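The values are calculated or read from the model by the stated rules, or taken from the named source; none is laboratory data. For clarity, every value in this text was computed on a predicted model and none was experimentally measured. Note that we place each Cβ from the backbone using ideal geometry, even for glycine, and neighbour counts take in every protein chain shown. To get the accessible areas, we keep the full protein, side chains included, count just its heavy atoms, and leave off ligands, DNA and RNA. Shrake-Rupley method; radii C 1.70, N 1.55, O 1.52, S 1.80 Å.
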Amino acid sequence: MTRPDVLIRGAEVHDGIAAAPQIADVAISGTRIMRIASELPPEAGRVVDARGLALAPGFIDVHTHDDRAVLGGDMSAKLSQGVTTVVTGNCGISLGPVPGHREVPAPLDLIATGPQDLFARFSDYLRAVEDAGPAVNTVSLVGHTTLRLAAMDRLDREATVRECSLMRGLLDQALADGAIGLSTGLFYKPANAASTQEVITVGEPLARYGGLYVTHLRDEADEILSAMEEAFAIGEATGSPLILSHHKVSMKQNFGRTRDTLPIIEERARSQPVGLDVYPYTASSTVLDARRALSVERVLITWSQARPDLAGLSLDEITSRLGCSRAEAVPQLQPAGAIYFTMDEEDVRRVLRFSDAMIGSDGLPHDIRPHPRLWGTFPRVLGHYARDVGLFGLPEAIRRMTSLPAARFGLAGRGIIQDGAQADLVLFDPAAILDRADFDTPTRSAAGIREVYVNGSLALADAVTTGVRAGSVLRNCDLGVKRFQAATG
């Protein structure tokens, strides 16, 4: 055997496909796994003693808002969790394509500070990420809200036939440039006026490219069932695999309704390709919305452009400081972001247990006081929910973060440990791994992550990023279109 660059010795190797782990040596040469065997010759450029540690494929974060963070950021929030690949452009918002100079509405302001952060063509964005040298691998969706911004003079109405045609053309070009699909955020004001037919018309190019339709549903509360039916219809009409983003049921009157939603998803998946992702928390995080701020009991402010000094405080603490009501406080904070405690723990666990649930952080990297999911999602699943609560075993937890999302998104050669696969790897202590980020200290890195490799290069060692930027921009045209294909060992 040719002398490998790295030899990881004696690890408990999890292949990502939920098979029983094996104690083995793993040799890395260049960007790929060279060989896996029970015992390999000890000669290598670097030898790692991994006895007592688990080795897994690098985790794939299927739901992120890292669109701007990958443009030169060190991605420590993700690498410190073992994440080696991120999917950007979710919830209908992406940094392009936006020909012309347009102001940035919420929720696009979660990822863009202003028009200067937007790109006229999607290929310009992908090239910028590539030129920046991403610290992790990046896969990108095109946001429907962003397309509306590019094509329409105002966003509080349904698009005209001409505007739909313009959006469809921009999507077609973006897919040809390398985007892997279309995302929508129909819950949000800039897209809420869009009809089902508008989305179907805009999404017409998806089938030609094998593109995905990924959606933040129009409603995740009282009308969730009808919102799901709309998503199923759009997936069918566009001929595209459907992924339901951060599946949940919100508000107290809906607690327990995952007993209704999950069987429906399971049934529909028999006739059309349907998947979902979930984050392991009972609180969501997005822009500060007056309607929601008045109806949710516990609200934390994550950032405020008008009052940055109030970030991290609860809305009730802020009203006490300002001496006013919530209705009066919200306009004084805008634009702003918030965390809303609107979910039931049993619903979260029920979705996590669902056999096809992928893990996505939905973290917001530019918030001053972010939701702890930005730093803690993957270790929380592995440590708290798999090891401590026992929702599922470690191999199954790893599958949901590796081979399952790789199959859903068509990332051939990733999400698995086998000879010839890409050397995206995470070495961790299964007895110690745990999230340490919480709502009081949301940016603490996780415990138990020892080393992370991105395309064969050591990107993180003992919770510290190395500065190596070995990530790749994964374009649709290079990946092929075999989505929702099960990984095999």
Output yes when any residue across segment 78-89 is among the basic types (Lys, Arg) and assigned to a loop (DSSP other than H, G, I, E, B), and no when none is.
-> no
Given Ala179, Ala174, Ala128, Ala120, which one is in contact with a Phe, Trp or Tyr (Cβ under 8 Å, 6 or more places away or on another chain), open to solvent by 10 Å² or more (accessible area, probe 1.4 Å) and among the aliphatic types (A, V, I, L, M)?
-> Ala128
Does Val48 fit the bill of being crowded, with 24+ Cβ neighbours inside 10 Å, over 21 Å from Gly383 (Cβ atoms) and among the hydrophobic types (A, V, I, L, M, F, W, C)?
-> no
Failed item, numbered, when Arg408 is tested on (1) within 18 Å of Gly480 (Cα to Cα); (2) open to solvent by less than 10 Å² (accessible area, probe 1.4 Å) | (2)
State all residues of segment 393-430 that are in contact with a helix residue (DSSP H, G or I) (Cβ under 6 Å, 6 or more places away or on another chain) and either over 23 Å from Ala50 (Cα atoms) or at pLDDT below 95 (or both); if no residue qualifies, say none.
-> Gly410
Listed residues Ala151, Ala179, Ala159; which is touching a Lys or Arg at 6+ places or on another chain (Cβ under 9 Å), of a type outside the set (D, E, K, R) and over 17 Å from Ala120 (Cβ atoms)?
-> Ala159
Return only the number of the condition from (1) in contact (Cβ under 8 Å) with a residue 60 or more places away in the chain; (2) crowded, with 18+ Cβ neighbours inside 10 Å that Pro4 does not satisfy.
-> (1)
If you go through segment 25-58 one residue at a time, how many are in a strand (DSSP E or B), in contact with an Asp or Glu (Cβ under 8 Å, 6 or more places away or on another chain) and either under 22 Å from Gly413 (Cα atoms) or of a type in the set (Asp, Glu) (or both)?
-> 11
Starting from residues that are on the phi < 0 side of the Ramachandran plot and open to solvent by 30 Å² or more (accessible area, probe 1.4 Å), keep the ones in segment 77-103 and report whichever is modelled with the lowest pLDDT.
-> His101
Take the residues in segment 269-296 that are in contact with an Asp or Glu (Cβ under 9 Å, 6 or more places away or on another chain) and more than 20 Å from Val348 (Cα to Cα), then tell me which one is surrounded by the fewest Cβ atoms within 10 Å (Cβ to Cβ).
-> Ser271
Could you please find all residues in segment 395-426 being under 24 Å from Ile243 (Cα atoms) and over 20 Å from the mean Cα position of the chain (by Cα)?
-> Pro395
Search segment 297-316 for residues being outside any strand (DSSP E or B) and touching a Lys or Arg at 6+ places or on another chain (Cβ under 7 Å), and hand back the single one that is least open to solvent (accessible area, probe 1.4 Å).
-> Leu315
Can you run down the residue pairs with Cβ atoms below 8 Å, 6 or more apart or on separate chains, where the first is in segment 245-261 and free of Cβ contacts under 8 Å to residues at least 60 places away in the same chain and the partner is part of a helix (DSSP H, G or I)?
-> Asn254/Ile224; Asp260/Leu225; Thr261/Ile224; Thr261/Leu225; Thr261/Met228
Do we find a residue being modelled with pLDDT of 95 or more, out of contact with any Pro (no Cβ under 6 Å at 6 or more places or on another chain) and surrounded by fewer than 18 Cβ atoms within 10 Å (Cβ to Cβ) anywhere in segment 23-30?
-> yes
In segment 182-197, anything farther than 18 Å from Val287 by Cβ and surrounded by fewer than 20 Cβ atoms within 10 Å (Cβ to Cβ) is listed as Ser195, Thr196, Gln197
Given (1) open to solvent by 10 Å² or more (accessible area, probe 1.4 Å); (2) of a type in the set (Lys, Arg); (3) touching a residue at least 24 places away in the same chain (Cβ under 8 Å), where does Arg148 come up short, assuming only one miss?
-> (1)
(1) over 17 Å from Thr215 (Cα atoms); (2) free of Cβ contacts under 8 Å to residues at least 60 places away in the same chain; (3) among the charged types (D, E, K, R); (4) touching a helix residue (DSSP H, G or I) at 6+ places or on another chain (Cβ under 8 Å) all hold for Arg268 apart from (1)
